[in-house]
Each structure stands twice: as structure tokens, then as C-alpha cells.
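Presented below is the structure to which this report refers.
The values are calculated or read from the model by the stated rules, or taken from the named source; none is laboratory data. Keep in mind the model is a prediction, meaning the values are calculated, not measured. Positions of Cβ are generated from backbone atoms using ideal geometry, with glycine treated the same way; all protein chains shown enter the neighbour counts. The area values use the complete protein model at the heavy-atom level, side chains included, leaving out ligands, DNA and RNA. Shrake-Rupley method; radii C 1.70, N 1.55, O 1.52, S 1.80 Å.
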Amino acid sequence: MKRIILSAVLMAFIGTTEAQNITIAKQGHFTVGGVTIQREGGYDNRKFVGWAEQEETGQSYRADHAFVDFQIPADAHRLPLVYVHGYGGSGVCWQMTPDGRDGFATLMLRRGWSSYVMDLPGRGRAGRTSATTAVKPVADEMFWFDIWRLGIWPNYNDGVQFPKDSVSLSQFFREMTPDLSDHRQDVPALGALADRIGDHVLVTHSAGGFPGWIAAMQNPEVKAVVAYEPGGFVFPEGEVPERIDGLTGGVAGTPVPMEQFARLTQIPIILYFGDYIPETPSENLGDENWRVRLQMARKFVETVNRHGGNATLVELPKIGIYGNTHFLMQDLNNDVLADHLSEWLYQVDKTM
């Protein structure tokens, strides 16, 4: 197999540099899942309506697939990592940082972990969708600045692990992409990827956390789950906690049959939450949105472990890692988080 040698400079967040090489044994991209819509009738290639409008009779339309970038380093660990993005973004959130440092997937490649980075159906490079949607230019960046806990606009949080220069902030917001999906194809796409690549670890972020739980319950190829600030949670039927109300609508657990939930008790699970999340109600939207989700995450972990599972909740400030936003994997200390995850994965790999 032809090997491609990629040389890069790893910039440590303390400002020192150390030349490192990554040997990539195989890389590429592909699509998984999706549907093909076929219009009735016979196609007439003599008709021209326009470049954006077509006479659809007899024509086909492929949609609702996911797009996957993959890289496999030489001497890779046994289990590859499948990266799932959250709302408003694409897989690029795992591949870059706003100020040009290594993205999280690259940091994990340096530690020997293969990467499969997904653009879920209707997002990023998987934009062909069967859903009927309208895309409007909604001015919302100050809202997301607050919700994602960079600070309270226009002020950054004290000690925040996010680059504060205007160029980086612009790059960060330009990662966002329209959401053209009805979200019905997210779990099927994760299942199609599982069928293709076999055993793997799911690494999810934010709104990608909920389809991650469903995919883990449905696909035995999922051998562990890493969830960065997941937005939703499942619980066994009859054991769903009371809804936790908050300014952004609160959070409620989703009931699933116990025989499905039991699958989550059979695999290692780790959840990470960052800083600036209060314990008591707040008048700030970002505080409130993640206060209720962290509280539900604690209930989720307790439920998994009560049923014999192996779930760990890491609240970073409680272990001396401060300043992380909702986009932990892009923060200035993402190398520290990569070290923590890699060590956990080593232990997981030893037990399988």
C-alpha cells in the first residue's frame, strides 16, 4: 500500500514548537447511506429549462447521504474514531481550529487513532437532501457566541480557552453551514458507516450526541462512545427523570425500551463538559442551556452505571482543566484534551 508522508509543525498551546511527522497509510473520502428518488416517465434530453430548474420527468436524484473523510495512520490503533458534528456545523469542526492550530482529528492521528470525519445528511458536503427547506440569512452570531459559552457578547469569559482575536472569531463563525436536513437520516447514515468500516468508537459533539446514543444502541460495531457536551439523552422506559426547565426550553430525557438501553451498559462511555456552567438558574442563555444539560448528563451517567454500565462524566474544571467553551475540541488546550482522551482510549482498547 502506497504511503503518503505528511509533514507538519505541531504548535503547542504554550507557544513552543516541535517538528513531527504523520505517516498516513491510507486516506480518502466516500458517501454512505442516502436514497435515490426516481421520477416517473422517460427522460427527454432535448428539453432545456434552465441550469437551476429542470424538467424532472424520468430523472433521478441522489440525496440524504453522509459524506465521510478518512485518514488511517501507519501502525494505527485497532479501533478507528468516527467523528460526529453538532447543530449548525459540519465535520470541519473536528479538522481545524479558528486560529490555525491542529484540529482535534489531526491531534488524535498523531496519537495513532484513525479518523472518519462525517458531514451528516443535509450539511456541509452532504447538502443534497430530500427535505423541502428554506435557507434564510439569519443574523445570529452574537446569540451563538453566548450559547457556546465564549462569553456574553461582546465580552469573553475570564480565562477562556478560545482565541480572542477578530480574525479567529471570523474563521469560527465561517465554519457554520446551513442545516438542510429533516434529521431522519442521521442515524441510518451512522448505521451505514458502521456496516462499511466495522468496529469503531463514536466521538460526538453537542446535537450529534443524541443520534450517537441511538446509533450505539442499534449497531454492535460501536465499541465505545465519547460525547463532548451532548445535547440530548436516552433513558429506560419508566426511568426518565423529570424535565429540567431552563431559559432555552429546558431538556427532557427520551424513553427507550430497556433491552435497547442495555446496549449502552455494555460499552465504555465517557462524557466531557467544559467550564462556565452554573449549578443554579441564571439569566444568561448560554449558562442556562448547559446548566440543564449537564444536570441531565449526571442523571444519564448514574442510570447507565446503576444498570451495570461503565460511564464516566468528566467535568473539566473539577479535574483542574479550566476555560473550555462548548467547542472543547477547538479550544486553545485541545492538545490537553486529546491527551486525556487518548489515555482513556488506551484503557478501553486493553479491555476488548
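Descriptive notes on the structure:
- Cα convex hull, the stretch 308-347: 87 Å³ per residue, rounded to a whole number.
- Under the Karplus curve 6.51 cos²θ - 1.76 cosθ + 1.60, θ = phi - 60°, whole-Hz ³J(HN,Hα) for the stretch 305-313, x wherever Gly or Pro sits: 6, 5, 9, x, x, 9, 10, 10, 10
- Reciprocal mean inverse distance between Cα atoms of the stretch 115-230 - Kirkwood radius, Å: 16.3 Å
- Anisotropy class of the stretch 44-178 from Cα gyration tensor, a/c 1.5 cut: oblate
- 3J(HN,Hα) couplings calculated from phi for the stretch 107-113 with the Karplus curve 6.51 cos²θ - 1.76 cosθ + 1.60 (θ = phi - 60°) are, in sequence order, 4, 6, 4, 4, 9, x, 9 Hz; Gly and Pro show x.
- Hydrodynamic radius (Kirkwood) for the stretch 236-298, which is based on Cα pairs only, to one decimal in Å: 13.1 Å
- For the stretch 185-231, the carbon plus sulfur part of the accessible surface works out to 47%, probe radius 1.4 Å.
- Size check on the stretch 57-128: the Cα extents along the three principal axes, sorted descending, read 51, 29, 16 Å.
- When the trypsin sites (Lys or Arg not before Pro) in the stretch 106-199 are filtered for DSSP coil states and for at most 10 other beta-carbon atoms within 10 Å of their beta-carbon, the remaining sites are 174.
- The C-alpha atoms of the stretch 263-303 occupy a region whose extents along the principal axes are 39, 16, 12 Å, arranged from largest to smallest.
- Overall form of the stretch 113-164 per C-alpha gyration tensor (a/c, 1.5; a/b vs b/c): oblate
- Three-way shape label, the chain, alpha-carbon gyration tensor, a/c 1.5: rounded
- Paramagnetic reach from residue 87 in the stretch 315-340 [backbone N under 15 Å; point 7 Å along Cα→Cβ]: 326-327
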